[in-house]
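The values are calculated or read from the model by the stated rules, or taken from the named source; none is laboratory data. Computed from a predicted structure; not experimentally measured. All Cβ positions, glycine included, derive from the backbone under ideal geometry; neighbour counts span all protein chains shown.
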Amino acid sequence: MSRHSARFTITPPATTAPDAGPPPLAPQKRILTALLISQVLSGAGLAAGVTVGALLSQDMLGGTALAGLPSALLTAGSALAAVAVGRISQARGRRPGLATGYLVGAIGSAGVIAATLIDNPLLLFPSLFLYGAGTAANLQARYAGADLAAPSRRARAVSTVLVATTLGGVAGPNLAAPAGQFAAVLGLPRLSGLFLVSGTAYALAALVLLLWLRPDPLLLARTLHSEQQAAEAGSAAAAAVEPSSAATGRRPGLALGVLVMVLTQLVMVAVMTMTPVHMHAHGQGTAASGLVIGLHVGAMYLPSPLTGWLVDRYGRSAIATAAGLTLLASGVLAATAPGDSVPLLALALILLGVGWNFGLVSGTTLITDAVPLATRAKTQGLVDVAVAIAGATGGLASGLVVAAAGYSLLAIAGGALALAVLPAILATARKR
């Protein structure tokens, strides 16, 4: 395995510059600082849809069969927003692209609050669709952290941005009870309280990026790349190397990165979405499910620095393999844990988050390695569309599976599906 995994750490071709040298230190520090602040805020914004989205649908529709629909809608909205954010970033830079995603997410949060106030699912569902744009922006911020990173530190740059989501992501679900009380004081339904938090958090994240994400990392990377190309214009060796690396070094890594992220997202969303519903069916309250989801979200992001180091040290394929195995362990534990056992379900959801983190960091690094700067943001947006569609599929299918066969079957099937990354890793290693 070490022989195969080492092949995923090769230096990308020159077109992915500024890989040839270290990034400018001062701009990279400013960029990462702005991204870290915005990620803390937007992490809190992620909480509402995960924690109470399914419960809102269950209350309005009177059953669990479509309890996964909110998750499907917000991830479908994330898919559409990923395209828009990617295209805006490609044309104008990361700053306007990410800020637009957060502002649309804030508008969606306001729509959800209005829908709960008038008890109207016809307004709730399109509002959740818009709310998903905040998720798209939160995820695409990881690419901004890697724009100026050298290949040997690329996974750690991705991880630095991801880990900042932990603070808001853990705090957000645990604000369910106090946010509900605050909503009641305002005359709003208690379940809408977290969407008040989300809307405010997304709006503040957009403001931080608009004011402080300067210079724009993608635009600066292009400038440095252009300067490098000009310096190498007369080099026959560089001209000879480029076609070969473009033909042989990118496609396998790109396809594997997409597959790893798609499978881990599908499994994670499916199991996560129905866990609060499963707990409520066994007598657990919002505080207990909020605690479990908070620990899960923390596990999604908190291991990021370690994961980034592992990816850079041991290779992309090794950590992608670990993702599949960890998700399998999570599924087995969730399927066998008693429905009223908060500690065991919390442990299962922690493993679910860690497996997702392994898949996201290794997959993101594979994709960034494989795609040149000229098309990077656009391609990354399209990749995140596939990831969001996988999440939407998992969210929608989860309610149907639980209604037909129960939560245990959903969890064990998800864990088994995650193992599909293993043959793909072996096939890609053979190609390389």
(request) Name every residue in region 402-416 that is surrounded by fewer than 20 Cβ atoms within 10 Å (Cβ to Cβ) and in contact with a helix residue (DSSP H, G or I) (Cβ under 6 Å, 6 or more places away or on another chain), in order of residue number. (result) S408, I412
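Considering only residues that are among the polar types (S, T, N, Q) and modelled with pLDDT under 80, which ones fall in region 153-190?
Initial filter on region 153-190 (among the polar types (S, T, N, Q)): 159-160, 165-166, 174, 181.
Within region 153-190, T165, T166, N174 meet the criteria.
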(request) With the condition kept exactly as written, say whether any residue in region 264-272 is more than 19 Å from I412 (Cα to Cα) and of a type outside the set (D, E). (result) no
(request) Please report, ordered by residue number, the helices (runs of 4 or more DSSP H) entirely within region 109-215 with at least 3 residues that are surrounded by 24 or more Cβ atoms within 10 Å (Cβ to Cβ), without any contact (Cβ under 8 Å) to a residue 12 or more places away in the chain and hydroxyl-bearing (S, T, Y). (result) none
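Condition test on T326, is it modelled with pLDDT under 90 and of a type in the set (S, T, Y)? First the steps, then the outcome.
Details: modelled with pLDDT under 90: no; of a type in the set (S, T, Y): yes.
No: the conditions fail for T326.
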(message) Against the conditions (1) in contact (Cβ under 8 Å) with a residue 60 or more places away in the chain; (2) more than 27 Å from P96 (Cβ to Cβ); (3) buried (at least 20 other Cβ atoms within 10 Å of the Cβ); (4) not basic (K, R), where does T364 fall short? Just the number, please.
(response) (2)
(request) Could you grab me the full set of residues in region 351-392 that are assigned to a helix (DSSP H, G or I), β-branched (V, I, T) and closer than 16 Å to R142 by Cβ? (result) V361, T364, T365, I367, T368, T379, V383, V385, V387
(request) Return the residue satisfying two criteria in turn: it lies in region 16-69 and is modelled with pLDDT of 80 or more and over 20 Å from the mean Cα position of the chain (by Cα), and of such residues it is nearest to L211 (Cα to Cα). (result) R30
(message) Whether any residue in region 304-321 is crowded, with 22+ Cβ neighbours inside 10 Å and within 23 Å of A392 (Cβ to Cβ) is what I want to check.
(response) yes
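Please find, among R313, R250, the residue that is modelled with pLDDT under 80 and either within 23 Å of the chain's Cα centre (by Cα) or under 23 Å from G415 (Cβ atoms) (or both). Give the derivation first.
Values: R313 fails: modelled with pLDDT under 80.
Sole residue among the options that is modelled with pLDDT under 80 and either within 23 Å of the chain's Cα centre (by Cα) or under 23 Å from G415 (Cβ atoms) (or both): R250.
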(request) List the helices (runs of 4 or more DSSP H) that sit entirely inside region 278-344 and contain at least 1 residues that are within 19 Å of L259 (Cβ to Cβ). (result) 304-314, 316-336
(message) Any residue in region 336-357 that is under 30 Å from A164 (Cβ atoms) sitting within a Cβ distance under 7 Å of a residue that is surrounded by fewer than 17 Cβ atoms within 10 Å (Cβ to Cβ) and of a type in the set (S, T, Y)? List the pairs, counting only those 6 or more apart or interchain.
(response) none
(message) Take A348 and tell me if it is among the aliphatic types (A, V, I, L, M), touching a helix residue (DSSP H, G or I) at 6+ places or on another chain (Cβ under 6 Å), within 19 Å of L409 (Cβ to Cβ) and assigned to a helix (DSSP H, G or I).
(response) yes
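Check whether at least one residue in region 253-272 is modelled with pLDDT under 85 and polar (S, T, N, Q), and report yes or no.
Taking region 253-272 first, the residues modelled with pLDDT under 85 are 253.
Among the residues that remain, those that are also polar (S, T, N, Q) are: none.
The answer is no; no qualifying residue exists.
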(request) Return only the number of the condition from (1) surrounded by fewer than 20 Cβ atoms within 10 Å (Cβ to Cβ); (2) under 28 Å from G253 (Cβ atoms); (3) in contact (Cβ under 8 Å) with a residue 12 or more places away in the chain that P423 does not satisfy. (result) (3)
(message) Going residue by residue through region 338-355, is there one that turns out to be surrounded by fewer than 24 Cβ atoms within 10 Å (Cβ to Cβ), over 15 Å from the mean Cα position of the chain (by Cα) and within 16 Å of A146 (Cβ to Cβ)?
(response) no
(message) Looking at region 77-94, I want the residues that are farther than 13 Å from F129 by Cβ and in contact (Cβ under 8 Å) with a residue 60 or more places away in the chain and have a partner that is of a type in the set (K, R) and part of a helix (DSSP H, G or I) with Cβ atoms under 6 Å, at least 6 apart or on another chain. Which pairs are those?
(response) G86/K378; Q90/K378
